[in-house]
Amino acid sequence: MTKLKYLDKYKEDVSRCVRCGGCQATCPTYAYSGDESMVARGRMALVEAVIDKRLGLTGGFSKAIDSCLDCRACMKSCPSSVKVDEIIYAAKAEVKAAKGCSPFKDLVAGPLFIKLQGYPLIIRLAGLLKKILYDPLPNFTPLPSSMKLKGRKRLLPDIGGMPLKSWKKLTREIKNPAGRVAFYIGCATNIIHQHIGKAVIEVLEHNNIEVIIAKRESCCGIPFLSSGDRKRAATLAGKNIEAFTSLNVDAVVTCCATCGATLKDYPKWLAGQGAKDLSEKVMDIHYYLVHHTDYKKGMGEISRSVTWHDPCHLSRGQGIMDEPREILAAIPGLNFKEMKKPCYCCGFGGEASLHNYEMSIGVAAGKVEHIKDSGASELATGCPACKIHMEDALNHFSHNTPVRHAVEYLAESYRSGI
């Protein structure tokens, strides 16, 4: 067997897993499958076998690693503080280095995301084709297993309109600002959920914060990091480090839990001071508002009930839980109702949802029941990816609760208070 490129450095970390099974109680993929290879201690045992050359980079190994949702619940319950997230990403990189990625990623997706010039236009074209070709298809239409489950099509988000970065007069001049931040928009907000990005800017400017849009912002790199393509992920990270560390700002504000966690985690897999400098400035919008603004000023009433879903990459990835709840509870008239197990993973996990859509929806099933039981009329979250998946899961179980970003409620409150 050839020398491992990424996993050997984690030999000691992997050995700290004492196979206590504490992760079993918190792992959503184990709860769904009951399969020991789909829980942290099982995955760590497989990784240790690969490091010790007792196991090759087999299809079974790859399947077990790819099924991880990166929810990090196991890390919260691990008495040995095993770096499960870093080890899983390193294992994926090892498989990619040995076997490569799919031709689509190598030949199409990779170059588009790296160069960036054409991808918004192509994705908008894909959104148009979705409306014309996919949306009208009846549920009984034969589709791949990644697009259909138990007679229901996957609900895909609408893609349309001008990318947010292309909007004219996206920000306004603030005289005597109380702060100055760069807004990291992120791919999903830029091309799918432009209304979330606009709400973020509106809320910041309401609080007298000057908002800067970095001209050379790139994808955070998570699509490639999660598929093991460390080289392309590092290229994108390098672009962001260059674009944001050169700005004279107090913070780099994010509205996507996954983007925020990825940017903050750059030092875990990138060397250099630039990765550390950017990581230290990255701040989720909820945290920034609560700790750096007088966000309660100028609120108007919203008469609705809402419950909150904790994105894994916000609650465990960045340690942010209280701030979104504080914001929602502070809005006049908004009836905040806590659901059971709000921190439980929604089941998306990026590519894991494509590899095993049945598991992804199966994990989300409990979340849907808890949303129903909360009695809330709407669901708030802090991650565009969670929004996409929860809308699909709610639709799958015929419970079409609206899903919004928490900052959208705050923006609406400010507008109604004028």
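Output the number of the condition that Glu280 fails; it satisfies all remaining conditions of (1) without any contact (Cβ under 8 Å) to a residue 60 or more places away in the chain; (2) surrounded by 18 or more Cβ atoms within 10 Å (Cβ to Cβ).
Here Glu280 meets the rest and fails (2).
Just one of Lys340, Lys367 is over 24 Å from Met283 (Cα atoms), in contact with a Phe, Trp or Tyr (Cβ under 8 Å, 6 or more places away or on another chain) and of a type in the set (Lys, Arg); which is it?
That would be Lys367, the only listed residue that is over 24 Å from Met283 (Cα atoms), in contact with a Phe, Trp or Tyr (Cβ under 8 Å, 6 or more places away or on another chain) and of a type in the set (Lys, Arg).
Among the residues of the stretch 23-53, which ones are basic (Lys, Arg) and either open to solvent by less than 50 Å² (accessible area, probe 1.4 Å) or touching a helix residue (DSSP H, G or I) at 6+ places or on another chain (Cβ under 6 Å) (or both)?
Arg41, Arg43
Strands (runs of 3 or more DSSP E) wholly in the stretch 300-418 with at least 2 residues that are among the aliphatic types (A, V, I, L, M) - which ones?
378-381
For residues that are touching a Leu at 6+ places or on another chain (Cβ under 8 Å), at pLDDT below 70 and not hydroxyl-bearing (Ser, Thr, Tyr), scanning just the stretch 110-153, find the one that is farthest from Ala364 (Cα to Cα).
Ranking the qualifying residues of the stretch 110-153, first place goes to Gly118.
Pull up the stretch 362-392, narrow it to residues that are among the hydrophobic types (A, V, I, L, M, F, W, C) and farther than 21 Å from Pro223 by Cβ, then point me to the one that is surrounded by the fewest Cβ atoms within 10 Å (Cβ to Cβ).
Only one residue tops the list, namely Ala365.
Check the stretch 208-219 and report whether any residue there is out of contact with any helix residue (DSSP H, G or I) (no Cβ under 9 Å at 6 or more places or on another chain) and either part of a loop (DSSP other than H, G, I, E, B) or surrounded by 22 or more Cβ atoms within 10 Å (Cβ to Cβ) (or both). Before you say what the answer is, go through the steps one by one.
Our first condition is that a residue be out of contact with any helix residue (DSSP H, G or I) (no Cβ under 9 Å at 6 or more places or on another chain); within the stretch 208-219, this holds for 208, 212.
Pick out the ones that are also either part of a loop (DSSP other than H, G, I, E, B) or surrounded by 22 or more Cβ atoms within 10 Å (Cβ to Cβ) (or both) and you get 208.
Within the stretch 208-219, one or more residues are out of contact with any helix residue (DSSP H, G or I) (no Cβ under 9 Å at 6 or more places or on another chain) and either part of a loop (DSSP other than H, G, I, E, B) or surrounded by 22 or more Cβ atoms within 10 Å (Cβ to Cβ) (or both).
Go through (1) under 25 Å from the mean Cα position of the chain (by Cα); (2) touching a residue at least 12 places away in the same chain (Cβ under 8 Å); (3) in a loop (DSSP other than H, G, I, E, B) and name the single condition Pro177 misses.
Condition not satisfied by Pro177: (1).
Out of curiosity, is Val82 more than 19 Å from Glu351 (Cβ to Cβ), of a type outside the set (D, E, K, R), at pLDDT 95 or above and within 24 Å of the chain's Cα centre (by Cα)?
Working: more than 19 Å from Glu351 (Cβ to Cβ): yes; of a type outside the set (D, E, K, R): yes; at pLDDT 95 or above: yes; within 24 Å of the chain's Cα centre (by Cα): yes.
So Val82 fits the description; yes.
Could you tell me whether Glu205 is within 27 Å of Glu412 (Cβ to Cβ), open to solvent by less than 30 Å² (accessible area, probe 1.4 Å), in contact with a strand residue (DSSP E or B) (Cβ under 7 Å, 6 or more places away or on another chain) and modelled with pLDDT under 95?
Spelling it out, it is not the case that Glu205 is within 27 Å of Glu412 (Cβ to Cβ), open to solvent by less than 30 Å² (accessible area, probe 1.4 Å), in contact with a strand residue (DSSP E or B) (Cβ under 7 Å, 6 or more places away or on another chain) and modelled with pLDDT under 95.
The values are calculated or read from the model by the stated rules, or taken from the named source; none is laboratory data. Remember, predicted model here, so these are calculated numbers, not experimental data. Please note: Cβ atoms are built from the backbone with ideal geometry, for glycine as well, and neighbour counts cover all protein chains shown. Note: areas computed on protein heavy atoms with side chains; ligands, DNA, RNA excluded. Shrake-Rupley method; radii C 1.70, N 1.55, O 1.52, S 1.80 Å.
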